[in-house]
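The values are calculated or read from the model by the stated rules, or taken from the named source; none is laboratory data. This is a predicted model, so every value here is computed, not measured. Cβ coordinates were reconstructed from backbone atoms using ideal geometry, including for glycine residues, and neighbour counts include every protein chain displayed. We work out accessible area using only protein heavy atoms, side chains counted, and drop any ligands, DNA or RNA first. Shrake-Rupley method; radii C 1.70, N 1.55, O 1.52, S 1.80 Å.
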Amino acid sequence: MSKSQYAMSSTSSATSPARSSSNPPAGAKKVRTRIAPSPTGDPHMGTAYIALFNMVYAHSQGGEFLVRIEDTDQARSTPESEATILDALRWLNIEWTEGPDVGGPHGPYRQSERQDIYRGYADQLVSQGDAFPCFCSNERLDEMRATQRAEGKTTRYDGLCQSIAPAEAAKQIAAGDAHVIRLVVPVDGTFSFEDALRGTIEIPWQQVDMQILLKSDGMPTYHLAVVVDDHLMEISHVMRGEEWINSVPKHARLYDALGWEMPIHAHLPLLRNPDSSKLSKRKNPTSVTYYRDMGYLPEAVANYLGRMGWSMPDEREIFSLPEMQDAFSLERISLGGPVFDIDKLNWLNGEYLRALSEDEFAERAIAWFTQGNRLRALVPLIHQRTNRFADIAPQVDYLVGDRADLTADDFDHKRVASDQARQILDHALRSFDESRGWERDGIFAICTTLAEGLELKLKDFLGPLFVAIGGKAVTLPLFDSMALLGADVTRMRLRSALEALGGVSKKETKRFEKSWRALIARSEAEIVTVDKEDSGS
RNA sequence: GUCCCCUUCGUCUAGAGGCCUAGGACUCCAGGUUUUCAUCCUGGCAACAGGGGUUCGAACCCCCUAGGGGACGCCA
């Protein structure tokens, strides 16, 4: 297979007018876009951002926008996460006409419910010779990648199982050997496609891995599922984060092998942290629910997101979603990754708040105070501690709104020195970053583990955390407080407390990371020993 | 390390060869209105990453370098 063959076949499928403006040519396919979140955590701002642009673009073209749930990761996907993500999108006034909750003619809209469909196409690909079963163990793959990396090469499957005769492979599969299905990719030449925002992009096939299409649990990977679903759901434009650019060759290969036309692709820039890395919960509140809980208005957040990488033709800063839709065009998208700037969002939100009438303001403020029954949830914490209702507000101030700003002095008087306080905050932050759930008991377990590991009394360990969370040495119970505040607010307060204590130097970061890792490893080892003892008795 | 993407004030951006002495917004600073604060008003600081081309002319086109980001998973 020659270079030109591939370049041509894949380019020709994506030749539609790049950066074309408002009116689609007569008789053109209906514009259909989608957001395809993976329900593995909190609703991420990046998801909302991409969703917004997909919806706005589709609507600006008189097209349709839909939601599909990419829950092929059995271990991490949860229904709760799916529900909060859909809630968050709705909160932002992002609307879809097809999706897992509203149904539609192209369903089901949950990939876990479409398993048979993928299986069929995987079989087809294998029988066509475009894919093959692979029996390699993780150990072998790890070793292979380590070697490749050491040699300075891109890691890539070496094709070992490709040479197994189909009959032999069938025998192994019949015998129940664990296997995956891998995609065959060209060994040389260059792939090229037209990105609607970036023009021609070329990627050498050498760089493209023989991607797994079907996992050993029978679920498809993203790559198979996305191509199959986008085709079956008649998606005309794939607008997604630029992190996907390197996957386009695989997807194009699949479209080609299945005889399908590839949708137009537009890779949007990624939202960034202030240090310009990709927006992450480690460094920033990334959950849409955080912004809801902090009292941002959905229209302000949507407006702000619309200003990320896009501008109104008249440079207006403040605009509604319908106004954005009317003025929208792809060519006004700028490609530099925009930094998510909370200061500017705060200003914008203030503009929206000030523009409200007093009645509207009152109504929305009350709705915010009482949202999700949060005041009721505080009652168990304050009930026994309250003599007069007037005592309530001072007790819960840090739970209902921001806590006081901190200085290093606020951490004095504690039994732990400032260095140790920093270590406590740092280690707590690291453990919270890794933890999946966010309930009182889980938080408690994390803290006891860390306190033991640092050989501190729990009470002393918790001292700096009380200050970091509540802004004072005495607050309502800490674990309940953190649970109520949510993971993003908790992390944010810990980070800001660390700043108040002078920040953590590069050197110290390294030291902390080392000590935290050692501590976690030790505690895990203990758990294993305990388990053994238990089972022995 | 390999490949890909990106590059205008600290941040979000305008700018598609002469309209640029580079405009707006946020932040910050100064002044004014206001009993404080906030709002509001006025003003100020502040950028075309560097180097080569192309052109009568380059922030805009091309090349190189640098910097930033991303990808390299049986995660998406």
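Numerical summary
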quantity: Number of positions in the range A:402-418 that are within 33 Å of the chain's Cα centre (by Cα) and either among the hydrophobic types (A, V, I, L, M, F, W, C) or not in a loop (DSSP other than H, G, I, E, B) (or both); calculated: 2
quantity: Condition broken by A:T475, with the remaining ones in (1) touching a Phe, Trp or Tyr at 6+ places or on another chain (Cβ under 6 Å); (2) open to solvent by less than 20 Å² (accessible area, probe 1.4 Å) satisfied; calculated: (2)
quantity: From A:D209, A:D230, A:D217, residue being acidic (D, E), touching a residue at least 24 places away in the same chain (Cβ under 8 Å) and more than 7 Å from RNA strand B (Cβ to nearest atom); calculated: A:D230
quantity: Matching option when the condition is farther than 20 Å from A:P269 by Cβ, assigned to a helix (DSSP H, G or I) and within 16 Å of RNA strand B (Cβ to nearest atom), among A:Y352, A:Y304; calculated: A:Y352
quantity: Any hit, the range A:259-276, residues being open to solvent by 10 Å² or more (accessible area, probe 1.4 Å), away from RNA strand B (no atom under 12 Å from the Cβ) and among the aromatic types (F, W, Y); calculated: yes
quantity: Enumeration of residues in the range A:421-440 that are open to solvent by 50 Å² or more (accessible area, probe 1.4 Å), touching a residue at least 12 places away in the same chain (Cβ under 8 Å) and assigned to a helix (DSSP H, G or I); calculated: A:R440
quantity: Qualifying positions in the range A:327-343 - touching a strand residue (DSSP E or B) at 6+ places or on another chain (Cβ under 7 Å) and more than 6 Å from RNA strand B (Cβ to nearest atom); calculated: A:L330, A:I333, A:F340
quantity: Filtered residue count, the range A:233-250, keeping only those that are within 23 Å of A:T200 (Cα to Cα) and more than 11 Å from RNA strand B (Cβ to nearest atom); calculated: 5
quantity: Number of positions in the range A:152-199 that are out of contact with any Ser or Thr (no Cβ under 6 Å at 6 or more places or on another chain), hydroxyl-bearing (S, T, Y) and either in contact (Cβ under 8 Å) with a residue 24 or more places away in the chain or surrounded by 12 or more Cβ atoms within 10 Å (Cβ to Cβ) (or both); calculated: 4
quantity: Residue within the range A:174-184 that is more than 13 Å from RNA strand B (Cβ to nearest atom) and within 30 Å of A:A266 (Cα to Cα) present; calculated: yes
quantity: Subset of the range A:126-146 [away from RNA strand B (no atom under 13 Å from the Cβ) and open to solvent by 30 Å² or more (accessible area, probe 1.4 Å)]; calculated: A:V126, A:S127, A:Q128, A:G129
quantity: Residues of the range A:77-125 classified as under 19 Å from A:I50 (Cβ atoms), open to solvent by 40 Å² or more (accessible area, probe 1.4 Å) and hydroxyl-bearing (S, T, Y), total; calculated: 2
quantity: Hits in the range A:385-420 - residues which are surrounded by 12 or more Cβ atoms within 10 Å (Cβ to Cβ) and among the hydroxyl-bearing types (S, T, Y); calculated: A:T386, A:Y398, A:S418
quantity: Test result for A:G27, modelled with pLDDT under 95, out of contact with any Pro (no Cβ under 9 Å at 6 or more places or on another chain) and more than 15 Å from RNA strand B (Cβ to nearest atom); calculated: yes
quantity: Condition check for A:R253: near RNA strand B (Cβ under 9 Å from one of its atoms) and at pLDDT 95 or above; calculated: no
quantity: Qualifying residue in the range A:312-325 (condition: touching a residue at least 24 places away in the same chain (Cβ under 8 Å), on the phi > 0 side of the Ramachandran plot and buried (at least 16 other Cβ atoms within 10 Å of the Cβ)); calculated: no
quantity: Residue list for the range A:53-75, filter: out of contact with any strand residue (DSSP E or B) (no Cβ under 8 Å at 6 or more places or on another chain) and within 13 Å of RNA strand B (Cβ to nearest atom); calculated: A:E70, A:D73, A:Q74, A:A75
quantity: Hey, A:L279 touching a residue at least 40 places away in the same chain (Cβ under 8 Å), under 16 Å from the mean Cα position of the chain (by Cα) and within 12 Å of RNA strand B (Cβ to nearest atom) or not; calculated: yes
